[in-house]
Amino acid sequence: MKKVRKAVIPAAGLGTRFLPATKAIAKEMLPIVDKPTIQFIVEEAIASGIEDILVITGKGKRPIEDHFDANMELEQNLSSKGKLELLQLVEETTDINLHFVRQKRPLGLGHAVLQAKAFVGNEPFVVMLGDDLMEDEIPLTQQLINNFEKTGSSTLAVMDVPHEETSRYGIINPESEISKGLYNVSDFVEKPNPEEAPSDLAIIGRYLLKPEIFEILENQEPGTGGEIQLTDAINTLNNTQRVFAHQFTGKRYDVGDKLGFVKTNIEFGLKHPEISGELKDYLKDLAKDL
Ligand code: UTP
């Protein structure tokens, strides 16, 4: 069985929920306290043993590329001022095998993933979305890879969401639970209303896919919202080979949503060694007046 070595990070969406902040930069560059969300995703990929990462970019490509490139002027400046901890933070993002390809028009997540066809070749790979930050003892991407090593099948990460929120997600119709938290899926439904949702298990932003998905994406018609949907292509893939769903039980931070983004900043701020104490006092003070 081929090893999972490659990850694709789509970052070419319009990011309309964060306008005007995302007018000129990708939403994946917005920081959680002091780190762009895309860096958390790259760190999860590396912690999961991924060796090569392709970022699908649209507008605002330069800041992402620059973030993961060396910045000699900044490094020399920090070094000459003896700011060695900051220097280390700046340098640790440069030693990664990152590649970039442009999605010329934002035709949907499925179309973004299709741009990775040449990079991926004939190997299984993971798709990681910057909208979701995941925390667990074993990184979620590693969990998907562990499953793949047992089943040899494409597997999507899913999570229980409140029933009234199903219309925000791709939802699975689980056929049977074949082992704890691993489901056989009869179909995948994009953004169903709660009345029509076959379950509350929502697809979250990590997918392990076999390369046959590309042939399907090449012929995929636009679906919900007029976009070429990855979920629709996965549904077709599921008709010819097994696609499993793996239930994530760790903590998910929804940073693709305005409120989720602010909450994540507060939670990460409360864990940040430099500011946690003062932030806690500030929040307590603030809460008195609410
Ligand atoms: P979203 O559905 O969150 O869309 O895309 P969006 O455009 O980024 O954000 P909003 O909803 O307008 O605020 C999910 C992921 O797919 C990528 C996005 O960058 C995001 O990581 N994507 C989406 C693309 O790369 N290309 C597309 O055409 C659409």
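Run down 152, 121, 181, 170 and say which single residue is touching a residue at least 24 places away in the same chain (Cβ under 8 Å) and crowded, with 17+ Cβ neighbours inside 10 Å.
Details: 152 fails: crowded, with 17+ Cβ neighbours inside 10 Å; 121 fails: crowded, with 17+ Cβ neighbours inside 10 Å; 181 fails: crowded, with 17+ Cβ neighbours inside 10 Å.
Every option except 170 fails the conditions.
Among the residues of segment 225-237, write down those that are surrounded by fewer than 19 Cβ atoms within 10 Å (Cβ to Cβ) and over 19 Å from residue 11 (Cβ atoms).
226, 236
If the Cβ limit is 7 Å and pairs must be 6+ apart or interchain, which residue in segment 214-240 that is within 16 Å of the ligand (Cβ to nearest atom) pairs with which residue that is assigned to a loop (DSSP other than H, G, I, E, B) and of a type in the set (A, V, I, L, M, F, W, C)?
220/228; 222/228; 227/107; 228/107
On the given criteria, is residue 28 out of contact with any strand residue (DSSP E or B) (no Cβ under 9 Å at 6 or more places or on another chain) and among the acidic types (Asp, Glu)?
Against the criterion (out of contact with any strand residue (DSSP E or B) (no Cβ under 9 Å at 6 or more places or on another chain) and among the acidic types (Asp, Glu)), residue 28 does not qualify.
Every residue, every condition in (1) farther than 28 Å from residue 144 by Cα; (2) in contact with an Asp or Glu (Cβ under 9 Å, 6 or more places away or on another chain); (3) polar (S, T, N, Q), yes or no:
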{"residue": "23", "(1), (2), (3)": "yes, no, no"}
{"residue": "59", "(1), (2), (3)": "yes, no, no"}
{"residue": "79", "(1), (2), (3)": "yes, no, yes"}
{"residue": "88", "(1), (2), (3)": "yes, no, yes"}
{"residue": "91", "(1), (2), (3)": "yes, yes, no"}
{"residue": "99", "(1), (2), (3)": "no, yes, no"}
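Can you name the residue in segment 5-36 that is crowded, with 24+ Cβ neighbours inside 10 Å and modelled with pLDDT of 95 or more and, of all such residues, is nearest to the ligand (Cβ to nearest atom)?
It comes out as 10.
Could you please find all residues in segment 87-104 being more than 16 Å from the ligand (Cβ to nearest atom) and either free of Cβ contacts under 8 Å to residues at least 24 places away in the same chain or not aliphatic (A, V, I, L, M) (or both)?
Listed by number, the residues that qualify are 87, 88, 89, 90, 91, 92, 93, 94, 95, 97.
With respect to residue 46, determine if the residue is among the hydrophobic types (A, V, I, L, M, F, W, C), buried (at least 19 other Cβ atoms within 10 Å of the Cβ) and not in a loop (DSSP other than H, G, I, E, B). Spell out how you get there, then give the answer.
Working: among the hydrophobic types (A, V, I, L, M, F, W, C): yes; buried (at least 19 other Cβ atoms within 10 Å of the Cβ): no; not in a loop (DSSP other than H, G, I, E, B): yes.
No: the conditions fail for residue 46.
Restricting attention to segment 238-265, report how many residues are in contact with a helix residue (DSSP H, G or I) (Cβ under 8 Å, 6 or more places away or on another chain) and outside any helix (DSSP H, G or I). So that I can check it myself, show each step before the final result.
Within segment 238-265, the first condition is being in contact with a helix residue (DSSP H, G or I) (Cβ under 8 Å, 6 or more places away or on another chain), and the residues that meet it are 242-244, 246, 248, 250, 253-258, 261.
Cutting the leftovers down to outside any helix (DSSP H, G or I) gives us 242-244, 246, 248, 250, 253-257.
Going through segment 238-265 one residue at a time, the tally reaches 11.
The values are calculated or read from the model by the stated rules, or taken from the named source; none is laboratory data. All values reported here derive from a predicted model rather than from experimental measurement. Please note: Cβ atoms are built from the backbone with ideal geometry, for glycine as well, and neighbour counts cover all protein chains shown.
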